[in-house]
Amino acid sequence: MRFSVLASGSTGNAIYVENDEHAFLVDAGLTGKKMEQLFAKIDRDMKKLSGILVTHEHSDHIKGLGVLARKHNVPIYANEKTWQAMDSHIGKIPLEQKFVFNMETVQSFGSINIESFAVSHDAADPMFYVFHENGRKLVLITDTGYVSDRMKGIIRGADSFVFESNHDIGMLQMGRYPWSVKRRILSDVGHVSNEDAAVAMSEVVFEKPTQIYLSHLSKDNNMKDLARMSVTQTLQSCGIIAGEYVHIHDTDAEEPTLLVTV
């Protein structure tokens, strides 16, 4: 199983996951043209997608969804409330391309099992995904105001994480955003801070080879070095040696990571 974080942030989100039999796109939050450019950068063909999995209906996760689905005849998977919330924003999708992926369920595609789980965000019914194959585990979790004990139980012990580290609390509080936006980001249905991401990571990362890709970083209220330092220091204080077992990586708003083997 391999993956690439194609884009991550408020300008657009998309993650590519594949094995030798199937290929998936989790969210399509940039224009169709931009998404095709990102696929070209990782040398992959969008026509070979087995499906697009949607996490929630916010525009930075579905901007290119309708265009790509129609152009490349790709199946779309989302839960019922998300379908209802995004239906008027993505244009007409042929019925045979619309599939329901319910919350807290598992769907199997050959040797890949994809598990959906609830997160806490200000959307209709937001959920993210865990990919399982041959004992290996890839966790995708962004766009959540906090990481509950239930979420931790589902994501614990993964071999690779794409994990939200959205903002530094001090930078956000002192920044230019209106208070209403700050309050929304800091709320239980907003976004996870560096500090909260670090604490959550310390409770779900095992002392084994693990890749962590810090994602959905705010351009205005965070810095890559700051996010990485927060998680590294917290893991080290808990006895998890970052650098020896755990490798922490950045992601970019519109520049894909190299394909990583889980």
For the range 190-195, Karplus couplings with θ = phi - 60° (6.51, -1.76, 1.60), whole Hz, Gly/Pro x: x, 9, 7, 7, 4, 5
Exceeding the 26 Å Cα-Cα cut-off - candidates 34/92; 41/63; 34/224; 41/98; 81/208: 41/98; 81/208
Listed peptides 195-203, 31-39 by packing density, highest first (mean Cβ within 10 Å): 195-203, 31-39
Ordering of 210-222, 84-96 by burial proxy (mean other Cβ atoms within 10 Å per residue, highest first): 210-222, 84-96
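Return one whole number: the accessible area per residue of the chain in Å², for a 1.4 Å probe. Before the final figure, lay out each step's value.
On the way: 11050 Å² over 262 residues.
Heavy-atom accessible area per residue stands at 42 Å².
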Using a Förster distance of 45 Å, the FRET efficiency for residue 73-residue 174 (Cβ separation, nearest 0.05): 0.40
Cα principal axis extents for the chain, largest first, Å: 51, 45, 33
Dipole magnitude of the range 1-119, debye to nearest 20 (Cβ charges: Lys/Arg +1, Asp/Glu -1, about Cα centre): 500
Protein accessible area in the chain, 1.4 Å probe - carbon and sulfur %: 50
In Å, descending, principal axis extents of the Cα set of the range 65-114: 31, 24, 15
Mean-position separation - Cα centroids, the range 181-241 and the range 32-52, in angstrom: 29
Most fluctuating residue given options 144, 105, 232, as computed from a GNM of the chain linking Cα atoms under 10 Å: 105
Virtual paramagnetic centre 7 Å along Cα→Cβ of residue 259, amide N under 17 Å, in the range 1-32: 1-7, 15-26
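Could you calculate the FRET efficiency of residue 47 with residue 236 from 1/(1 + (r/R0)^6), where r is the beta carbon distance between them and R0 is 41 Å, rounded to 0.05?
Once the sixth-power term is evaluated, E becomes 0.35.
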J(HN,Hα) series, the range 164-177, from Karplus relation 6.51 cos²θ - 1.76 cosθ + 1.60, nearest Hz, glycine and proline x: 5, 9, 6, 8, 8, 4, x, 4, 5, 5, 8, x, 8, 5
In order through the range 100-111: 3J(HN,Hα) via Karplus (6.51 cos²θ - 1.76 cosθ + 1.60), integer Hz, x for Gly, Pro: 9, 10, 6, 5, 6, 10, 10, 10, 10, 10, x, 7
Within the range 127-220: Cβ-based charge dipole about Cα centre, in debye rounded to nearest 20 (Lys, Arg +1; Asp, Glu -1): 180
Under 5 Å, built H, 5+ apart or other chain: amide partners of residue 242: 236
Amide H contacts under 5 Å for residue 254, placed H, 5+ residues apart: 8
Mean separation of Cα contacts under 8 Å, 6 or more apart, over the residue count of the range 188-262: relative contact order %: 40
Potential extension, residue 152-residue 199 segment - 0.36 nm per residue separation minus Cα distance: 15.8 nm
Ranked by how many other beta carbons lie within 10 Å on average, peptides 19-27, 61-69 from highest: 61-69, 19-27
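The values are calculated or read from the model by the stated rules, or taken from the named source; none is laboratory data. If you're wondering where the values come from, they're calculated on a predicted model, not measured in any experiment. With ideal geometry, Cβ positions are generated from the backbone for all residues, glycine too; neighbour counts draw on all protein chains shown. All accessible areas refer to the heavy atoms of the entire protein, side chains included, with ligands and DNA or RNA removed. Shrake-Rupley method; radii C 1.70, N 1.55, O 1.52, S 1.80 Å.
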